[in-house]
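Note sheet for the following structure.
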Amino acid sequence: MTEATTVKPKPAKAATVIPMFEMPKFDIPSFEMPKMEVPAAFREFAEKGVAQTKDAYEKFKAVAEENTAMLETVYTTASKGSTEYGLKVLEVARANTAAMFDYVEALFAVKSPSEFVELSTKHAREHFETVTGQGKELAGLAQKVATETAEPIKSGVSKAMKKVA
């Protein structure tokens, strides 16, 4: 038997493509600066400017850190104060709700119109006194929270003004 040899076809040569147009090729020119000695006065001026910039940066960084600490203090104080105020409001609401239920319970025990008027008058007077006292207490607490919250800002501004002056 004859052995068959397999002949691999030779790859066809790629046809050369002639472009219809070519993009222009731009070379970036190199500009070489002449080497010259920088005058000492100019070098000194530049070094002084760099030193002043570093000094200003350090001062700015210190002030920024102080302000960040001040804002953290303000936030903490405001958060505690608002929590305290919110708890007081809940306490007031609970007390007023309990007083209203007591009043309604007392109304069910009323047997005459004169007793109803007397009970209603007494309740209105007591409720007015209670609400007035609660309002004063809440206003005082709000003022205390505002003062405590503003204190770090006030001292921070005072420090900043002393540094500027």
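Data table
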{"read-out": "Residue in the range 120-127 that is assigned to a helix (DSSP H, G or I), free of Cβ contacts under 8 Å to residues at least 40 places away in the same chain and within 30 Å of residue 81 (Cα to Cα) present", "value": "yes"}
{"read-out": "Of residues in the range 128-145 being without any contact (Cβ under 8 Å) to a residue 12 or more places away in the chain and hydrophobic (A, V, I, L, M, F, W, C), the one farthest from residue 86 (Cα to Cα)", "value": "128"}
{"read-out": "Matching entry among 111, 162, 154, 136 (being loosely packed, with under 14 Cβ neighbours inside 10 Å and not in a helix (DSSP H, G or I))", "value": "111"}
{"read-out": "Conditions (1) over 24 Å from residue 147 (Cα atoms); (2) in a helix (DSSP H, G or I); number of the one not met by residue 82", "value": "(1)"}
{"read-out": "Single residue of 88, 48 found to be over 30 Å from residue 127 (Cα atoms) and at pLDDT 90 or above", "value": "48"}
{"read-out": "Residue within the range 99-108 that is loosely packed, with under 10 Cβ neighbours inside 10 Å, over 30 Å from residue 152 (Cα atoms), at pLDDT below 85 and of a type in the set (A, V, I, L, M, F, W, C) present", "value": "no"}
{"read-out": "Selection status of residue 157, touching a residue at least 12 places away in the same chain (Cβ under 8 Å), within 30 Å of residue 65 (Cα to Cα) and among the β-branched types (Val, Ile, Thr)", "value": "no"}
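The values are calculated or read from the model by the stated rules, or taken from the named source; none is laboratory data. All of these numbers come straight from a predicted model, not from anything done at the bench. Cβ atoms come from the backbone with ideal geometry, glycine included; neighbour counts cover every protein chain shown.
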